[in-house]
Amino acid sequence: MTGTAPFVHHFAVIASDFDVSERIFTAALAALGVEARYRADGIAEYWRPEEDRLSFSVERARHDTSVTRRVHIAFAAEDRAGVDRFHAAAVASGAVPRHAPRFWPEYRAYCTFLRDPDGNNIEALHKETVD
């Protein structure tokens, strides 16, 4: 099998405060053109309208689940402006800034890093070539 299946199909985090996390991720991901395409009892799932894969979801912690903490999640942006919009939307919605958007030469990317309420490291990045 070559090239047709994504490396990761979907990823979910379990939130201690679903309402706050949903607000943060909905705003930040909308800045990248990613929409909340499915909402049900304590679940918000996001993907780009034109593709039904590579999704991300936030889920309410239940009595039999553990909260997702201290993972690093990186979302790809089309350009630097997308990273800037992601940062602004996430902060305005309650995320805690770690690093403002800037170019990181070691990653060859323009990135921003934030924390969600559960301590997860949320990143938006735009890969760039360095001459």
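The values are calculated or read from the model by the stated rules, or taken from the named source; none is laboratory data. Because the structure is a prediction, the values reported are computed rather than measured. Virtual Cβ from ideal backbone geometry, glycine too; neighbours counted across all protein chains shown.
Any chance the range 20-30 includes a residue that's among the polar types (S, T, N, Q), assigned to a loop (DSSP other than H, G, I, E, B) and either within 19 Å of Pro117 (Cβ to Cβ) or free of Cβ contacts under 8 Å to residues at least 60 places away in the same chain (or both)? Before you say what the answer is, go through the steps one by one.
Here is the first cut: in the range 20-30, the ones among the polar types (S, T, N, Q) are 21, 26.
With assigned to a loop (DSSP other than H, G, I, E, B) added as a condition, the list becomes none.
Checked against the condition, which is being among the polar types (S, T, N, Q), assigned to a loop (DSSP other than H, G, I, E, B) and either within 19 Å of Pro117 (Cβ to Cβ) or free of Cβ contacts under 8 Å to residues at least 60 places away in the same chain (or both), the range 20-30 yields no hits at all.
So is Thr129 of a type in the set (Val, Ile, Thr) and surrounded by 13 or more Cβ atoms within 10 Å (Cβ to Cβ) or not?
Judged against the criteria, Thr129 is not a match.
Each row is one residue, and each column tells you yes or no for (1) outside any loop (DSSP other than H, G, I, E, B); (2) modelled with pLDDT under 95; (3) small (Gly, Ala, Ser); (4) under 19 Å from Pro117 (Cβ atoms).
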residue	(1), (2), (3), (4)
Phe7	no, yes, no, no
Ala36	yes, yes, yes, yes
Glu50	no, yes, no, no
Thr65	no, yes, no, yes
Ala90	yes, no, yes, yes
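Among residues belonging to the range 52-63 that are of a type outside the set (Gly, Ala, Ser) and part of a loop (DSSP other than H, G, I, E, B), point out the one that is farthest from Thr26 (Cα to Cα). Reasoning before the result, please.
Of the residues in the range 52-63, the ones of a type outside the set (Gly, Ala, Ser) are 52-54, 56, 58-60, 62-63.
Subsequent filtering for residues that are part of a loop (DSSP other than H, G, I, E, B) retains 52-54, 62-63.
Working: Asp52: 17, Arg53: 17, Leu54: 16, Arg62: 21, His63: 24 Å.
The extreme case among them is His63.
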Listed residues Arg102, Arg37, Arg23; which is of a type in the set (Lys, Arg) and closer than 21 Å to Val8 by Cβ?
Arg37
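Taking the range 104-131 as the search range and keeping residues that are in a loop (DSSP other than H, G, I, E, B) and over 15 Å from the mean Cα position of the chain (by Cα), which one is nearest to Asp19 (Cα to Cα)?
Filtering the range 104-131 down to residues in a loop (DSSP other than H, G, I, E, B) leaves 105-108, 116-120, 128-131.
If we keep only those that are over 15 Å from the mean Cα position of the chain (by Cα) too, we end up with 105-108, 128-131.
Details: Pro105: 36, Glu106: 35, Tyr107: 33, Arg108: 34, Glu128: 34, Thr129: 38, Val130: 40, Asp131: 44 Å.
That would be Tyr107.
Results for (1) out of contact with any Ser or Thr (no Cβ under 7 Å at 6 or more places or on another chain); (2) β-branched (Val, Ile, Thr); (3) at pLDDT below 95; (4) loosely packed, with under 15 Cβ neighbours inside 10 Å, shown as yes or no for each residue.
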{"position": "Arg53", "(1), (2), (3), (4)": "yes, no, yes, yes"}
{"position": "Arg62", "(1), (2), (3), (4)": "yes, no, yes, yes"}
{"position": "Ala95", "(1), (2), (3), (4)": "yes, no, no, no"}
{"position": "His99", "(1), (2), (3), (4)": "no, no, no, yes"}
